[in-house]
Every structure is written in C-alpha cells, then in structure tokens.
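Only one structure is covered here, and it is reproduced in the block below.
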Amino acid sequence: MTTKAEVELQTLEIMELLLPPNSSKLFEIIKICKENWKCSEATVRKRYTAAIERIKHLADIDRDYLYSEALVTLNDLYNRSYEIERYRDALEVIKEKNKLLGLNAPEKKDISIKAYKELSDDDLKKIIGEP
C-alpha cells in the first residue's frame with residue numbers, strides 16, 4: 001500500500017519529468033515510473049493526471065500574480081506621471097492599462113479587395129510569395 005507521502009513524491013517526480021529540461025512524453029513517463037515504482041500503468045496515469053492538474057494550477061497562480069503586478073506598476077506609473085504634471089505620459093499609461101484590462105474595442109483591420117487594388121503586380125506577387 002502506498003502512503004500519502006509516497007503519492008506526493010511520485011506526483012512531484014512526474015512533474016519534474018514533464019517540465020523542462022526533461023519535457024518527457026507520457027509513454028516515457030509510464031516506462032520510467034513502472035520501472036522505478038513497480039506499479040501498474042493505471043497508477044502512473046493517475047499520478048500523471050494529478051501532476052498535470054498541479055502544473056495548471058501553478059500556472060494560473062503565476063499568471064494572476066503577473067497580471068496583478070502589471071496593474072500595480074501601471075497604477076504607480078500613472079500616479080507619478082500625474083504628480084509631476086506629465087499628462088501625456090499619464091494618458092499613455094491609461095491606454096496601456098485599458099489594453100491590459102481588455103477595455104478597448106477590438107481593432108478592425110481593412111482586408112477588403114479595395115486595399116489591394118492600388119498594389120502593383122510585383123507587390124502582389126511578393127505578398128503571395130511568388131518569385
């Protein structure tokens with residue numbers, strides 16, 4: 001019978017195998033773990049699933065932290081710019097913060113045929129990759 005501590009160590013070992021510099025594939029992990037732990041493939045797959053979930057959770061925490069840090073930095077930069085009356089800089093910070101928060105409307109690109117009517121044949125050939 002496997003203890004909770006052993007399960008935890010096995011999950012951590014699989015996490016090490018999944019992450020760089022190892023970046024092992026599932027079939028490699030199954031082979032390594034079956035040899036090292038003398039267990040079934042089903043057990044390895046359970047630990048593998050737990051390791052993947054833990055990595056996803058850690059990635060979400062890291063992303064949330066970085067997002068929060070960026071907002072704090074932008075707020076600080078805005079306050080400093082406003083205090084020294086650099087309103088143009090403060091406006092740029094507001095624009096950047098709105099972009100980070102996703103408050104801007106999506107940018108619309110003109111990809112209609114009209115945009116290509118003014119191009120020469122040589123320019124069109126370069127766009128599509130012809131010599």
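Kindly list the number of the only condition in (1) modelled with pLDDT of 85 or more; (2) over 30 Å from E13 (Cβ atoms); (3) not in a helix (DSSP H, G or I) that fails for N98.
(3)
Kindly indicate whether K56 is within 29 Å of the chain's Cα centre (by Cα) and either modelled with pLDDT under 90 or not in a helix (DSSP H, G or I) (or both).
Judged against the criteria, K56 is a match.
Name the pairs whose Cβ atoms lie under 7 Å apart, with the first residue in region 1-16 and among the hydrophobic types (A, V, I, L, M, F, W, C), the second surrounded by fewer than 17 Cβ atoms within 10 Å (Cβ to Cβ), and 6 or more positions between them or separate chains?
Final answer for the pair search is M15/R54; M15/I55.
Please tell me if E53 is closer than 30 Å to E16 by Cβ and not hydroxyl-bearing (S, T, Y).
yes
Could you check R47 against (1) modelled with pLDDT under 90; (2) surrounded by 13 or more Cβ atoms within 10 Å (Cβ to Cβ) and say which number it fails?
Tallying (1) modelled with pLDDT under 90; (2) surrounded by 13 or more Cβ atoms within 10 Å (Cβ to Cβ), R47 fails exactly one: (1).
Please go through region 1-34 and pick out each residue that is in a helix (DSSP H, G or I), surrounded by 12 or more Cβ atoms within 10 Å (Cβ to Cβ) and hydrophobic (A, V, I, L, M, F, W, C).
Matches in region 1-34: V7, L9, L12, I14, M15, L17, L18, L26, I29, I30, I32, C33.
The values are calculated or read from the model by the stated rules, or taken from the named source; none is laboratory data. Treat the numbers as computed from the prediction; the structure is a model and nothing was measured. Cβ coordinates were reconstructed from backbone atoms using ideal geometry, including for glycine residues, and neighbour counts include every protein chain displayed.
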